[in-house]
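Novice: Below is a structure I'd like to ask you about.
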Amino acid sequence: MSKFSLSDKAFDRLNFFLVLMITLIIIYPLIFVISASISDPHAVNTGRMWLWPVEITVDGFIRVFQNEAIWVGYRNTIMYTVIGVSIHLTILLPAAYALSRKELMAKKTFLWIILFTMLFNGGLIPTYLVVKNLGMVNTMWAIVIPGVIGAWSILVARTFFQQTIPDQLVEASKIDGASDIYLFFKVVLPLSLPMIAVMGLFHGVALWNQYFNALIYLSDEQLFPLQLILRQILILNETSADSAATAAGAAQSFADQVKTASLVKYAVIIVSSLPLLIVYPFLQRFFVKGVLIGSVKE
Amino acid sequence: MDQMKKRYQITTNFRSNWQLYLFLLPVLTYFFVFHYIPMYGVQIAFKDYFANLGMFGSPWVGFEHFVRFFESYYFWRLLKNTIILNAYNLLLFPLPIIFALMLNELRNGTFKKWTQTLTYAPHFISVVVVVGMLVAFLDPNTGIINHVLRSFGIEPVSFLTSPEWFRHIYVWSGQWQSLGWGTIIYLAALAGVNPELHEAAKVDGASRFQRILHINIPSILPTIIILFILNIGNFMQIGFEKVLLMQNNLNSETSDIIQTFVYETGLLEGQYSFAAAIGLFESAINIVLLITVNHIARKVSSNSLW
């Protein structure tokens with residue numbers, strides 16, 4: 001026996017060490033970005049800053065907050081996320097509840113209609129043409145409505161209702177003369193708050209982070225969400241997004257511009273990602289719950 | 001008689017439960033407009049789309065667009081790039097499983113919790129930011145990676161403009177984002193493993209590693225199979241939004257995949273019908289793959305999606 005426990009101890013040590021290494025590798029880029037956002041850009045660009053901040057400065061954040069395009073993008077993203085999540089929940093919850101009730105006729109057919117969209121869809125071009133023909137191009141609705149709901153969320157919410165709302169409760173209330181609408185608002189929803197939070201969070205994160213719908217449907221910069229602005233700054237290296245800063249500094253040297261650009265880059269990553277990164281550890285159990293209900297299938 | 005009875009049942013059911021059908025109406029309308037109309041609209045792949053005639057009024061041309069695509073010089077390149085990129089990604093499918101098995105063996109609960117929270121973090125970062133970070137880290141002059149290479153006396157590499165680096169960067173940055181998050185389902189499955197099995201194995205003198213191999217892995221195998229089928233279902237169409245962001249003229253030799261091509265020809269050049277045909281070709285491959293894998297899984301293991 002002792003031979004095994006000795007090798008088990010070695011196993012434990014090795015395993016602990018490997019997990020620690022993997023975790024450090026995963027977390028390192030995030031620490032780097034945080035440190036780079038408050039370090040002197042020259043130290044960052046020459047590789048002098050590699051872990052902890054060097055010559056701390058908050059210039060990057062000041063430039064970011066002076067940049068009008070970023071503010072507009074931020075405002076738009078918050079607006080799209082709030083409106084999108086509201087519509088998502090408004091149409092998701094009643095539908096999932098209806099599909100969880102055994103009185104519903106042709107339930108199989110309805111479910112099949114919904115699930116089939118997971119297997120097959122019209123593809124990018126026909127979907128684009130439908131959105132275009134509905135006159136949604138270059139409006140907020142092109143961001144909020146296509147993709148407002150998916151088969152997966154309906155399945156998750158339905159499974160939740162099936163597991164938490166007992167049939168007897170529904171039957172008893174019905175005998176007392178309660179309507180489905182009354183039952184839904186007064187009984188079902190109050191019992192489902194954690195699930196509602198989970199569904200809202202998942203959809204909210206997706207909306208906050210998406211850029212592609214905005215890329216194909218929007219051309220008016222005043223409507224751009226934050227992610228499109230980020231794409232200009234981080235990937236396309238468009239300094240025009242920096243207009244406010246350059247106007248203030250009038251005749252900036254080229255070297256200065258490069259310096260500013262790299263300062264702004266890291267700061268803008270922080271400003272856009274921080275809300276989610278701060279919030280999710282507190283809501284982690286909700287997210288995990290969502291993934292797990294989603295993985296339970298009948 | 002029977003039919004009358006049935007009709008009567010339907011009307012009474014509808015009369016007493018009409019509110020439930022009302023609840024369902026918005027979602028059904030959504031799926032009809034944004035999924036089923038586009039599905040019906042796929043017919044433009046067999047038509048010559050004219051904006052003034054619309055999706056349903058444009059003239060039929062049969063398989064013309066498909067033939068043009070199959071005969072084009074870029075067809076094989078697009079197909080090859082798409083398959084290699086996805087196969088490479090699929091090859092890393094076991095990594096979250098291994099990481100979950102490792103996390104499951106941790107004896108220190110606090111450390112385990114911290115590890116989970118920290119490794120989930122990249123999941124919440126948008127693709128735009130991830131690619132933005134890649135651009136910054138891999139920059140040939142100012143990027144940290146090239147500084148490290150330089151300190152070892154290696155010439156700086158312009159990673160993001162090199163076709164030979166594109167796939168590695170794409171796949172491994174994806175793994176960085178999803179490794180931690182991908183363990184959630186496996187960890188839950190591992191929590192459900194019967195502890196008596198482990199006790200019995202311990203009595204028989206099985207080591208930790210043997211118990212992982214002969215108890216934990218077989219116990220979560222059904223979960224693994226289902227997730228594998230789901231992954232296959234997404235074969236050919238994963239992460240296209242990230243490819244689009246990482247793509248440039250210099251790396252297009254390996255980064256041109258079917259979906260980015262659909263986007264370019266369809267939405268940038270306005271060749272709607274041609275692009276729709278290419279998109280349809282891709283969906284068709286996907287469905288065939290999914291059905292095949294599901295069929296095999298059902299035959300071999302009795303775990304399947306349907």
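Bear in mind these aren't lab numbers, they're just calculated from the coordinates by the rules spelled out. Predicted, not measured: the structure shown is a model, and the values here were computed from it. Note: ideal-geometry Cβ built from the backbone for every residue, glycine included; neighbour counts use all protein chains shown.
Novice: On a straight-distance basis, which aspartates and glutamates could pair with residue B:6 in a cross-link, Cα separation under 20 angstrom, same-chain partners fewer than 8 positions away excluded?
Specialist: Those aspartates and glutamates meeting the cut-off are A:103.
Novice: Against the 2.2 N^0.38 Å scaling, with N counting residues, where does the stretch A:1-88 land? I'd like the Cα-based Rg ratio to two decimal places.
Specialist: That works out to 1.86 for the stretch A:1-88.
Novice: Need one value for A:15-27: mean number of C-beta atoms belonging to other chains within 10 Å of its residues' C-beta atoms.
Specialist: 6
Novice: Continuing with the same structure: Name the lysines eligible as straight-distance cross-link partners of residue B:299: C-alpha to C-alpha under 22 Å, and not fewer than 8 places from it in the same chain.
Specialist: Counting by Cα, and skipping residues close in sequence, residue B:299 has these lysines nearby: A:297.
Novice: With charges set only on the Cβ (+1 for Lys and Arg, -1 for Asp and Glu), what does the dipole of the stretch B:74-301 come to about its Cα centre, in debye to the nearest 20? Walk me through the intermediate numbers first.
Specialist: Values: 13 positive and 13 negative charges, 141 e Å.
For this selection, approximately 680 debye.
Novice: A further question follows. Is the stretch A:12-160 best put as rounded, prolate or oblate by its Cα gyration tensor, with a ≥ b ≥ c the root eigenvalues, rounded for a/c under 1.5, and otherwise prolate when a/b is larger than b/c, oblate when not?
Specialist: Oblate is the answer for the stretch A:12-160, as a/c is 1.5 or above yet b/c matches or exceeds a/b.
Novice: Which of the lysines could a cross-linker bridge to residue B:202, judged by Cα under 22 Å and excluding same-chain residues fewer than eight apart?
Specialist: Candidates past the 8-residue exclusion: A:3, A:9.
Novice: Taking only DSSP H segments of four or more residues, each worth -39500 (n - 2.57), what value at 222 nm results for chain B once the sum is divided by all its residues, to the nearest 500 deg cm²/dmol?
Specialist: It lands at -21000 deg cm²/dmol.
Novice: Using Cβ counts within 10 Å as a stand-in for footprinting exposure, how do B:48, A:40 rank, fewest first?
Specialist: B:48, A:40
Novice: Another one. If the convex hull of the alpha-carbon atoms of the protein assembly as shown is projected onto planes in all directions, what is the mean projected area in square nanometres?
Specialist: Values: hull surface 139.5 nm².
The number I arrive at for the protein assembly as shown is 34.9 nm².
Novice: Dipole magnitude of chain A about its Cα centre, charges +1 at Lys/Arg Cβ and -1 at Asp/Glu Cβ only, in debye to the nearest 20?
Specialist: Dipole size: approximately 820 debye.
Novice: Placing +1 on the Cβ of each Lys and Arg and -1 on the Cβ of each Asp and Glu in the stretch B:74-301, which of B:163, B:83, B:200 has its Cα farthest towards the positive end of the resulting dipole?
Specialist: Projecting each Cα onto the dipole axis, the largest value belongs to B:200.
Novice: Which of rounded, prolate or oblate describes chain A when judged by the alpha-carbon gyration tensor and an a/c cut-off of 1.5?
Specialist: Here chain A falls in the oblate category.
Novice: Express the C-alpha Rg of the stretch B:1-74 as a ratio against the empirical globular expectation 2.2 N^0.38 Å, rounded to two decimals. Intermediate values should be presented prior to the final figure.
Specialist: Numbers: Rg = 21.5 Å, N = 74, 2.2 N^0.38 = 11.3 Å.
With N residues counted in the stretch B:1-74, Rg over 2.2 N^0.38 Å equals 1.91.
Novice: Rounded to the nearest 500 deg cm²/dmol, what is the calculated helix-only ellipticity per residue at 222 nm for chain A, with -39500 (n - 2.57) per DSSP H run of length n ≥ 4?
Specialist: Helices in chain A give a 222 nm mean residue ellipticity of -23000 deg cm²/dmol.
Novice: At most 14 other Cβ atoms within 10 Å and a DSSP loop assignment: could you name the GluC sites (Glu not before Pro) in the stretch B:232-272 that fit?
Specialist: Passing sites in the stretch B:232-272 are B:269.
Novice: Taking 0.36 nm per residue of sequence separation and subtracting the Cα-Cα distance, how much length would be gained by fully extending the chain between residue B:149 and residue B:303, in nm to one decimal?
Specialist: 50.7 nm
Novice: What longest region of chain A stays clear of trypsin sites (Lys or Arg not before Pro) that DSSP places outside H, G, I, E and B and that have at most 12 other Cβ atoms within 10 Å?
Specialist: It runs A:103-296.
Novice: Related question: Could you tell me the relative contact order of chain B? Use alpha-carbon pairs under 8 Å, at least six residues apart, and round to a whole percent. Let's see the in-between values first.
Specialist: Values: 261 pairs, mean separation 73.0, N = 306.
Once divided by the residue count of chain B, the mean separation gives 24 percent.
Novice: Right, something else. For residue A:51 and residue B:193, what does the FRET efficiency come to when R0 = 41 Å and r is the distance between their Cβ atoms, rounded to the nearest 0.05?
Specialist: In this case the efficiency is close to 0.55.
Novice: Mind checking A:265-278 for the average number of partner chain beta-carbons within 10 Å of each residue's beta-carbon?
Specialist: Working: counts 4, 3, 0, 2, 8, 1, 0, 5, 8, 0, 1, 5, 4, 0.
Mean inter-chain Cβ contacts per residue within 10 Å come to 3.
Novice: If you don't mind, another one. Under the rule a/c < 1.5 gives rounded, and otherwise a/b versus b/c splits prolate from oblate, where does chain B land using the Cα gyration tensor?
Specialist: Because a/c hits 1.5 or more and a/b fails to exceed b/c, chain B counts as oblate.
Novice: Mean Kyte-Doolittle of at least -1.0 plus a Cα span of 30 Å or more along the axis: flag which DSSP H helices in chain B meet both, please. Please list the in-between numbers first.
Specialist: Working: long enough: B:2-31 (35 Å, -0.30); B:272-301 (43 Å, 1.14).
Taking the DSSP H segments of chain B (at least 30 Å long, mean hydropathy at least -1.0), we get B:2-31, B:272-301.
Novice: For chain B, with a Gaussian network of springs between Cα atoms less than 10 Å apart, report the residue from B:110, B:82, B:260 with the top mean-square fluctuation.
Specialist: Judging by the Gaussian network model, the answer is B:110.
Novice: Please list, by residue number, every one of the chymotrypsin sites (Phe, Trp or Tyr not before Pro) in the stretch B:52-87 that is coil in DSSP and has at most 14 other beta-carbon atoms within 10 Å.
Specialist: B:63, B:73, B:74
Novice: Cut-off 10 angstrom, C-alpha nodes, Gaussian network model of chain B. Which of B:125, B:225, B:287 fluctuates the most?
Specialist: Result: B:125 has the largest fluctuation of those listed.
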